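What follows is a single structure, written as structure tokens, with notes after it.
The values are calculated or read from the model by the stated rules, or taken from the named source; none is laboratory data. Here the structure is a predicted model, which means the values were calculated and not measured. Cβ coordinates were reconstructed from backbone atoms using ideal geometry, including for glycine residues, and neighbour counts include every protein chain displayed. What goes into the accessible areas is simple: the full protein's heavy atoms, side chains included, and nothing from ligands, DNA or RNA. Shrake-Rupley method; radii C 1.70, N 1.55, O 1.52, S 1.80 Å.
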Amino acid sequence: MPDTLPPPRRALTDVVRSSLEARILNGSLPPGTRLNEAALAADLGVSRGPVREALRALEQTGLVEGEVHRGMRVRVLEAEDVAEVYDMRALLNGFACARLALRATPALLAPLHGFVVAMEAETDAEAYYTLNLDFHAAIFAAAGHRRVAAAYDAALREGWRARRESLVAVGNRQDSNAEHAACMAAIAAGDAAEARRLGEDHVLAGKRRWLALLAG
């Protein structure tokens, strides 16, 4: 008999979900890609059951969508949908920044300032994007509101492609990080109203950069 038991079905499903989610978010499975259960199962070395369950979980997050008689595909967002995601993120980001301004301590702020410094020095677009994600996740963690953080994370996953593409240009990354620095200054000063305004404006500026990208 084997020394260890096979992993529980739920644990295996979570592993498959994480793998597929990573492929979607890094562009390996771009929007519109058909998701064949058998092919994915063979590629991941698992049975079709965990793949099917993982796709259902990803459908709930908005990353994939089902079509009648055609199975699942990576979700394609229309421009109007992406614009609404930006608007929602702006409200949530403003709330988190204002909340953090009221509870900020040097220990909470130090790693956030570190992210801003790291992003200022980063020249690689992909590495900057990762730092950007980590910075905003740290803002919400420090703000200490789990439900708002969860709502932001859900919105972020829906609009990931637009955000990623808008940060490819060096000028856009520089503008984005200047906005980070300004927001951090308001948070460090304990100015909740200004932190809220700058937190919202930062995301809406990202929306404008994305719209400019669409316009060519």
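Report the calculated FRET efficiency for residue 67 and residue 214 (r = Cβ-Cβ distance, R0 = 25 Å), to the nearest 0.05. Can you show the working numbers first?
Values: r = 25 Å, r/R0 = 1.00.
Rounded to the nearest 0.05, the efficiency is 0.50.
Students often get this wrong, so try it: which of (1) 17.8, 56; (2) 17.7, 53; (3) 19.3, 64 is Rg and Dmax of the Cα atoms in Å as calculated from the structure shown? From the options (1) 17.8, 56; (2) 17.7, 53; (3) 19.3, 64, the structure gives (3).
On the basis of the beta-carbon distance and an R0 of 22 Å, residue 174 and residue 19 show a calculated FRET efficiency of 0.05.
Note on the range 47-99: Rg/Rh from Cα positions, Kirkwood definition for Rh, rounded to two decimals, is 1.17.
Tell me, what is the per residue accessible area of the chain in Å², probe radius 1.4 Å? Don't skip to the end; give the middle numbers.
Working: 11410 Å² over 216 residues.
Here the residues of the chain average 53 Å² of exposed surface.
Charged neighbours of residue 73, selected by a Cβ distance under 9 Å, balance to +1 (K, R count +1; D, E count -1).
Rounded to the nearest 20, the size of the Cβ-charge dipole of the range 47-174 about its Cα centre is 460 debye, with Lys and Arg at +1 and Asp and Glu at -1.
Placing +1 on the Cβ of every Lys and Arg and -1 on the Cβ of every Asp and Glu, with no other charges, gives the chain a dipole of roughly 500 debye about its Cα centre.
Which of 16, 76, 117 sits closest to the plus end of the dipole of the chain, meaning its Cα is farthest towards the positive end, when Lys and Arg get +1 and Asp and Glu get -1 on the C-beta? Positive-most Cα among the choices belongs to 16. When only Cα pairs below 8 angstrom with a gap of at least 6 residues are kept, the chain shows a relative contact order of 25 percent. Can you compute the FRET efficiency between residue 80 and residue 11 using 1/(1 + (r/R0)^6), with r the Cβ-Cβ distance and R0 = 41 Å? Round to the nearest 0.05. In this case the efficiency is close to 0.60.
Here's the picture: charge each Lys and Arg Cβ at +1 and each Asp and Glu Cβ at -1 in the chain, and of 47, 166, 139 the one pushed furthest to the positive end of that dipole is 47. Helix-only arithmetic for the chain: the sum of -39500 (n - 2.57) across DSSP H runs with n ≥ 4, divided by the residue total, places the mean residue ellipticity at 222 nm at -25000 deg cm²/dmol.
Computed over neighbours whose Cβ is under 15 Å from that of residue 128, the net charge equals -4, Lys and Arg +1, Asp and Glu -1.
Centroid-to-centroid, using Cα positions, the range 162-216 and the range 101-129 are 14 Å apart.
All Cα-Cα distances of the range 116-216, cut into 5 Å bins from zero to the largest, leave 2, 12, 22, 26, 22, 12, 4, 0 percent in each bin in turn. Among 69, 180, 145, the largest mean-square fluctuation in a Gaussian network model of the chain (Cα springs under 10 Å) belongs to 69. Measuring max minus min along each principal axis, the C-alpha atoms of the range 19-117 give extents of 52, 33, 22 Å (largest first).
Taking a ≥ b ≥ c as the square roots of the Cα gyration tensor eigenvalues, the range 87-141 comes out oblate, since a/c reaches at least 1.5 and a/b does not exceed b/c. Around the Cα centre of the range 52-126, unit charges on the Cβ atoms of Lys, Arg, Asp and Glu (plus for the first two, minus for the last two) sum to a dipole of about 420 debye. Evaluating 6.51 cos²θ - 1.76 cosθ + 1.60 at θ = phi - 60° for every residue in the range 154-163, the Karplus couplings come out as 5, 5, 4, 5, 5, x, 4, 5, 4, 5 Hz, glycine and proline recorded as x. Eigen-decomposition of the gyration tensor built on the alpha-carbon atoms of the range 15-72 gives equivalent ellipsoid semi-axes of 15, 14, 11 angstrom, largest listed first.
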